[in-house]
1. Identify the trypsin sites (Lys or Arg not before Pro) of segment 58-88 meeting these criteria: DSSP loop state and at most 12 other C-beta atoms within 10 Å of the C-beta.
2. Using only the alpha-carbon atoms, what does segment 26-88 span along each of its principal axes? Please give whole angstrom values in decreasing order.
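Derivation of every value follows stated rules applied to the coordinates shown; laboratory data play no part. No experiment lies behind these values; they were computed from the predicted model shown. Because the Cβ atoms are built from the backbone with ideal geometry, glycine has one as well, and the counts that use them run over all protein chains shown.
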Amino acid sequence: MKVETVSPFTPTPVARATAKSASAEKSGDQVQLSDVAQLRASEAPVDNSRVQEIKQAIAEGRFRINPEAIADRLISTAQELIAAQRRA
C-alpha cells in the first residue's frame with residue numbers, strides 16, 4: 001500500500017478554489033476566499049512528518065489498525081453526506 005498516493009478524482013478545496021478563480025479571471029468576475037479558505041490555502045496540505053512516522057511504523061510492523069474507529073468515521077461521514085443531500 002502506498003501512503004503517498006492521492007486520488008486524481010478528488011480535488012482539494014484549494015484546487016477547487018483555484019479553478020474557480022481561474023475561470024472568474026477569464027470572465028472578469030471577482031472571487032474572494034473566506035478567511036478559513038485563505039488559511040487552509042496557506043497551510044501545507046499534508047503533515048509530512050506524520051506521514052514519515054506512519055511509513056516507519058508500517059515498515060517496522062508497529063502500525064495498528066483500529067477497525068472500530070474506521071467504522072465510526074465511515075458512519076459519521078455517511079451521515080454528514082445524507083444530511084447535506086437533504087439540505088440541498
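1. When the trypsin sites (Lys or Arg not before Pro) of segment 58-88 are filtered for loop state and at most 12 Cβ neighbours within 10 Å, Arg62, Arg64 remain.
2. Largest first, segment 26-88 extends 54, 32, 21 Å along its Cα principal axes.
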